[in-house]
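Here the structure comes first, spelled out in structure tokens, and everything after it is commentary.
Bear in mind these aren't lab numbers, they're just calculated from the coordinates by the rules spelled out. All of these numbers come straight from a predicted model, not from anything done at the bench. Every residue, glycine as well, gets a Cβ built from its backbone with ideal geometry; the counts of neighbours run over all protein chains shown.
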Amino acid sequence: MLPITMEPTLTSLFRGYAQWLIRAEDQDLLHRHAPGRFNHLEPDEVLLEGAFTFAAFRRMGAMADGMAQLLRIAAGEGATSALTYVAIDNVPSLRGCANVGFDLDHVRVSVRRLGRRRSFTHDPDADASLAWGNATAH
Ligand SMILES: CC(C)(COP(=O)(O)OP(=O)(O)OC[C@H]1O[C@@H](n2cnc3c(N)ncnc32)[C@H](O)[C@@H]1OP(=O)(O)O)[C@@H](O)C(=O)NCCC(=O)NCCS
């Protein structure tokens, strides 16, 4: 995990959910920790990373509740946009993100070469749109 100055936010009604709220002013730590992996955050953007619900509390809405709390905190501090990244096959996380208002915006591809990870982004393609649509359908 990242240095503690990032302030991990342990939240949710159940105290069973944890996730990083990373503000633009803290992003140097992020880029130092994982060079090339994350896009540069604009001053009014935040990144939500590392969603985790402890096993005993899963499927009880902890992610929906906890992530929504973090978004409200960010909005209260002036953020107008939030990013989060989820593996294309992580249905619970994709659904949880959709539940709090996230939509598919772009695709990030990470490539590991000689032990170093680089990421690039592109517009949603057919595979990503299908995966998002299937995972978040009601
Ligand atoms: C992803 C994770 C954080 C979801 O936490 P959670 O508290 O169980 O999520 P919620 O209860 O808010 O459920 C979110 C949605 O996913 C659905 N869901 C939860 N677990 C599911 C599962 N195993 N299979 C299918 N859907 C599932 C819920 O039904 C809900 O959708 P709905 O509101 O339409 O019914 C949790 O599964 C987890 O910690 N996984 C391991 C770490 C991980 O993958 N983190 C995400 C990194 S991006």
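One table, with the values for the structure above:
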{"quantity": "Candidates Ser119, Ser81 - the one that is of a type in the set (S, T, N, Q) and within 14 Å of the chain's Cα centre (by Cα)", "calculated": "Ser81"}
{"quantity": "Scope the range 85-122; condition away from the ligand (no atom under 15 Å from the Cβ) and among the hydrophobic types (A, V, I, L, M, F, W, C); matching residues", "calculated": "Val109, Val111, Leu114, Phe120"}
{"quantity": "Selection within the range 50-84 - closer than 21 Å to Thr121 by Cβ, of a type in the set (Ser, Thr, Tyr) and near the ligand (Cβ under 8 Å from one of its atoms)", "calculated": "Thr84"}
{"quantity": "Residue match in the range 123-136 (condition: within 19 Å of Ala24 (Cα to Cα), within 16 Å of the ligand (Cβ to nearest atom) and crowded, with 17+ Cβ neighbours inside 10 Å)", "calculated": "no"}
{"quantity": "Odd one out for Leu83, checked against (1) surrounded by 14 or more Cβ atoms within 10 Å (Cβ to Cβ); (2) assigned to a helix (DSSP H, G or I)", "calculated": "(2)"}
{"quantity": "Residue tally, condition part of a strand (DSSP E or B), surrounded by 16 or more Cβ atoms within 10 Å (Cβ to Cβ) and not hydroxyl-bearing (Ser, Thr, Tyr), over the range 32-59", "calculated": "6"}
{"quantity": "Residue match in the range 60-72 (condition: under 20 Å from Arg15 (Cβ atoms) and in a loop (DSSP other than H, G, I, E, B))", "calculated": "yes"}
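Let's see how each residue does on (1) in contact (Cβ under 8 Å) with a residue 24 or more places away in the chain; (2) closer than 15 Å to Ala24 by Cβ; (3) out of contact with any Pro (no Cβ under 8 Å at 6 or more places or on another chain):
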site	(1), (2), (3)
Met63	yes, no, no
Ala74	yes, yes, yes
Ala79	yes, yes, yes
Ser93	yes, no, yes
